[in-house]
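Below is one structure, written out as structure tokens; comments come after it.
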Amino acid sequence: MRPFRYERATDPAGAVALLARSPQAAFLGGGTNLVDLMKLDVARPDLLVDLRGVTSRTIEELPDGGVRVGAGVSNSDLAADPLIRRRCPVVAQAVLGGASTQLRNLATVGGNLLQRTRCGYFQDVSTACNKREPGTGCSAIEGHNRDLAVLGSSPDCIATHPSDLAVALVAVDAAVRTVGPDGSRVIPLTELHRLPGSDPQHDNVLAHGELITAVDLPPLPFAANSRYRKIRDRASYAFALVSVAAAVDLVDGQVRDVRIALGGVAHKPWRATRAEDLLRGGPLTEQRLRRAAEAELVDARPQSDNAFKVPLARNAIVRTLLDLAGE
Amino acid sequence: MDTEITLRVDGADHRLTVDTRTTLLDALRERLGNTSPKKGCDHGQCGACTVLLDGRRANSCLALAVAHDGAEIVTADGLAVDGQLHPVQRSFIEHDAFQCGYCTPGQIVSAVALLDEAAAGWPSAVTFDRPDGAPDTGPIDVAGEPDEIQERMSGNLCRCAAYANMVPAIQEVARS
Ligand SMILES: Cc1cc2nc3c(=O)[nH]c(=O)nc-3n(C[C@H](O)[C@H](O)[C@H](O)COP(=O)(O)OP(=O)(O)OC[C@H]3O[C@@H](n4cnc5c(N)ncnc54)[C@H](O)[C@@H]3O)c2cc1C
Ligand code: FES
Ligand code: FES
């Protein structure tokens, strides 16, 4: 690992100021992704600014009935929180479906959302990777691409976003609150991560030194009827091949409202708005679900080894929503 | 870049100077001579380095020592009090729950933490699939649920695949 300096800040403004002065500096959450990438020489910060004591570790109810989760809350505390489990089981399930307890104890909410792709070429500095070193090419397109994207990829990058939590948050209309060198803003989760395009080195829309301070979950009563389904190569402790986060509001057998997001298929958590639109206002039958899922996936462009993800995603959508309907 | 930190390890206080790059695992093993946490993968994937960090299990290979200045750490070595093995340690021996033993200190620390987490009402990924759903408060019974124990132990790999006896070893302590 390359040498680096380590500093602490006492508040978000102080942490942001420390990063603003150093273009190679990085925030340190739990370190479970960043320290790993530093060992691999993929991340090369010259300064780490520890967020312990900077970002909030509390989960609070907002006056409008929403819930605010501090960016410093550990993944374990988020998943165990009674309010989250009652209001948004999909969020607790997604977190618990990822990593292990000993990782979730260290990992923070902010760090989880900003973890980097698990594409093997990104993690291997001996290979070409446009995300790690812009302009060097994408080794995955002609290489091992079984785990990689089928939606929204580009000729320059077919990486996927690995976070399970982000998929659940995208489904329930969450937003992140940030503080950066240019002030503070609120970014809907659907707009936090981006598609790779010709500049896959940027995973998300945050500026250098922009700090996530909290995640807001809006009041969404039917999110109490939500679920996360993760499909992977082993029963536990593996990243998703495909995952589905869904919530549904069924009234007299008709879909009044629905939320669906997919993980493991794209460079960002994939909100399935096309499928949602097709499902609203009708019954939740297997046939309608299949058609809606197929419409969502028509633009899929699989690679040599991952065409299986398309029917897998379709079936996962159908099964997850039928489960929610109690069928 | 050197920094001075303090760590309380298995009840004893230590003051040491570490490079910022030093992980807790390396500080424990190389600097303090506590070799009970093991280095398997050094990337958070195997759980051999698991310790209790301020009361919670954590992969010490991904935790920077400087970031945990002042922390209280318990390793598998520190679970035995006055020469008396911890009930989980005893149960692993009684159930022959290991083969080469390399993963064992991490497994045991994880199992000790698992019992506390279930008692504190932390759900796991499989809790939601149980017929009683995920109760949102109160302790979660894992003694009669091998699935719960397997899921909660999934962050600890065993190259010898001695898993089959670990589950009953943990169930027995959970029951008592
Ligand atoms: C073996 C293994 C298996 C895993 N399996 C899964 C899995 O199945 N599913 C899954 O979702 N995840 C999985 N993970 C990833 C894990 O969830 C992440 O490593 C963790 O959530 C990152 O959180 P952290 O606080 O440790 O982040 P860090 O490593 O500290 O930071 C990650 C990034 O976020 C930045 N950052 C951190 N906090 C903030 C903030 N508040 N504002 C702005 N920037 C910030 C850092 O600068 C860094 O770039 C796995 C990890 C390992 C090692
Ligand atoms: S050595 Fe830490 S998880 Fe493998
Ligand atoms: S007993 Fe040998 S690795 Fe687990």
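The values are calculated or read from the model by the stated rules, or taken from the named source; none is laboratory data. Model, not experiment: these values are computed from the prediction. For neighbour counting, all protein chains shown are included, and Cβ atoms are generated from backbone atoms with ideal geometry for every residue, glycine included. With ligands, DNA and RNA removed, areas are computed over all heavy atoms of the protein, side chains included. Shrake-Rupley method; radii C 1.70, N 1.55, O 1.52, S 1.80 Å.
Counting other Cβ atoms within 10 Å, which trypsin sites (Lys or Arg not before Pro) in the stretch A:242-309 have at most 11 and lie in a DSSP loop?
Details: sites: A:Arg256, A:Arg259, A:Arg271, A:Arg274, A:Arg280, A:Arg288, A:Arg290, A:Arg291, A:Lys309; in loops: A:Arg280.
Passing sites in the stretch A:242-309 do not exist.
Report the Cα centroid-to-centroid distance between the stretch A:135-201 and the stretch A:8-75 in angstrom, as an integer.
That distance is 19 Å.
Please list, or write none, the lysines whose alpha carbon is within less than 23 Å of the alpha carbon of A:Lys309, excluding same-chain residues fewer than 8 places away.
Straight-distance partners of A:Lys309: A:Lys131, A:Lys230, A:Lys268.
Please work out how much length the chain gains when fully extended from A:Leu62 to A:Asp46, using 0.36 nm per residue of separation minus the C-alpha to C-alpha distance, in nm with one decimal. Provide the component values of the computation, followed by the final result.
Details: separation 16, 0.36 × 16 = 5.76 nm, distance 3.82 nm.
Length gained between A:Leu62 and A:Asp46: 1.9 nm.
How far apart, in nanometres, would the label points at B:Cys41 and A:Ala307 be if each is projected 7 angstrom from Cα along the Cα-to-Cβ direction?
Roughly 3.1 nm, to one decimal.
Any chance you could check the Cα centroid distance between the stretch A:265-327 and the stretch B:7-57 for me, in angstrom?
Rounded to whole Å, the Cα centres lie 45 Å apart.
Give me Rg/Rg_expected for chain B, where Rg uses Cα atoms only and Rg_expected = 2.2 N^0.38 Å with N residues. Don't skip to the answer; put the middle values down first.
On the way: Rg = 16.6 Å, N = 176, 2.2 N^0.38 = 15.7 Å.
Compared with the compact-globule rule of thumb, chain B sits at 1.06.
If you take the accessible area of A alone plus B alone and subtract the pair, what total do you get in square angstrom, rounded to 100, with a 1.4 Å probe? Please report the intermediate quantities before stating the final value.
Working: alone 14260 and 9160 Å², together 20120 Å².
The A and B chains share an interface burying roughly 3300 Å².
Taking one equal scatterer on every alpha-carbon of the stretch A:191-327, how large is log10 of I(q)/I(0) by Debye at q = 0.09 1/Å?
Each listed q maps to, in turn, -0.31.
By what distance, in whole Å, do the Cα atoms of the stretch B:87-175 stretch along each of the three principal axes, largest value first?
Projected onto its principal axes, the Cα set of the stretch B:87-175 covers 39, 23, 17 Å.
So what's the gap between the Cα centers of the stretch B:96-126 and the stretch A:112-134, to the nearest angstrom?
32
Amide H to amide H under 5 Å from A:Ala214: which residues, 5+ apart in sequence or cross-chain, H placed 1.01 Å off N in plane?
Close amide H contacts, sequence-distant or interchain: A:Ala71, A:Arg177.
Taking every pair of Cα atoms in the stretch A:21-147, average 1/r, invert it to obtain the Kirkwood radius, and report Rg/Rh to two decimals.
Expressed as Rg/Rh, it is 1.05.
Just grab the label-to-label distance for B:Leu16 and B:Glu172, each label 7 Å out from Cα along the Cβ direction, in nm (one decimal).
3.4
Which of the lysines could a cross-linker bridge to B:Lys38, judged by Cα under 18 Å and excluding same-chain residues fewer than eight apart?
Result set, ordered by chain and number: A:Lys39.
Using r as the Cβ-Cβ distance of B:Asp141 and A:Arg146, and R0 as 41 Å, what FRET efficiency do you calculate, to the nearest 0.05?
Working: r = 39 Å, r/R0 = 0.94.
Calculated transfer efficiency: 0.60.
Would you tell me the mean number of C-beta atoms belonging to other protein chains that fall within 10 Å of each C-beta in B:58-70, as a whole number?
Working: counts 9, 11, 2, 4, 12, 6, 10, 0, 6, 12, 4, 3, 0.
Across B:58-70, the average partner-chain Cβ count within 10 Å equals 6.
When you have a sec, figure out the Kirkwood radius of the stretch B:2-78 from all distinct Cα pair distances and drop it here in Å to one decimal? Write out the running numbers ahead of the final one.
Values: mean 1/r = 0.0837 Å⁻¹.
Hydrodynamic radius (Kirkwood, Cα only) of the stretch B:2-78 equals 11.9 Å.
From the phi of every residue in the stretch A:30-42, what ³J(HN,Hα) in whole Hz does the Karplus formula 6.51 cos²θ - 1.76 cosθ + 1.60 yield, where θ is phi - 60° and glycine or proline is x?
With the stated coefficients, the stretch A:30-42 comes to x, x, 5, 9, 5, 5, 4, 5, 5, 4, 7, 6, 7 Hz.
With r defined as the distance between the Cβ atoms of A:Val205 and B:Val81 and R0 fixed at 35 Å, what FRET efficiency is calculated, to the nearest 0.05?
E(calc), rounded to 0.05, equals 0.10.
Within the accessible area of the stretch A:58-327, what % is carbon and sulfur when the probe is 1.4 Å and the other protein chains stay in place?
Working: 4980 of 10080 Å².
Here carbon and sulfur together make up 49 percent of the probe-accessible area.
Averaged per residue, what accessible surface does the stretch B:2-78 expose to a 1.4 Å probe, in Å²?
Numbers: 2820 Å² over 77 residues.
Here the residues of the stretch B:2-78 average 37 Å² of exposed surface.
Working out 0.36 nm times the residue gap between A:Ala238 and A:Ala295, then minus their Cα-Cα distance, what length gain in nm do you get to one decimal? Mind dumping the intermediate values first?
Working: separation 57, 0.36 × 57 = 20.52 nm, distance 2.83 nm.
Length gained between A:Ala238 and A:Ala295: 17.7 nm.
Whole number please: convex hull volume per residue, Cα atoms of the protein assembly as shown, in Å³.
Numbers: hull volume 74.5 nm³, N = 503.
Spelled out: Cα convex hull of the protein assembly as shown, divided by residues, is 148 Å³.
Measure off, as a whole percent, the carbon and sulfur share of the 1.4 Å-probe accessible area of the stretch B:78-176, all protein chains present. It would help to have the intermediate numbers written out before the result.
On the way: 2450 of 4660 Å².
In the stretch B:78-176, the share of accessible area belonging to carbon and sulfur is 53 percent.
Could you report the stretch A:58-327's accessible area per residue, 1.4 Å probe, as an integer in Å²? Kindly include the intermediate steps, with their values, before the conclusion.
Values: 10080 Å² over 270 residues.
Accessible area per residue: 37 Å².
Could you tell me the calculated FRET efficiency between B:Cys160 and A:Asp252, based on Cβ-Cβ distance and R0 = 56 angstrom, to the nearest 0.05?
Details: r = 56 Å, r/R0 = 1.00.
Efficiency, from the Cβ-Cβ distance: 0.50.
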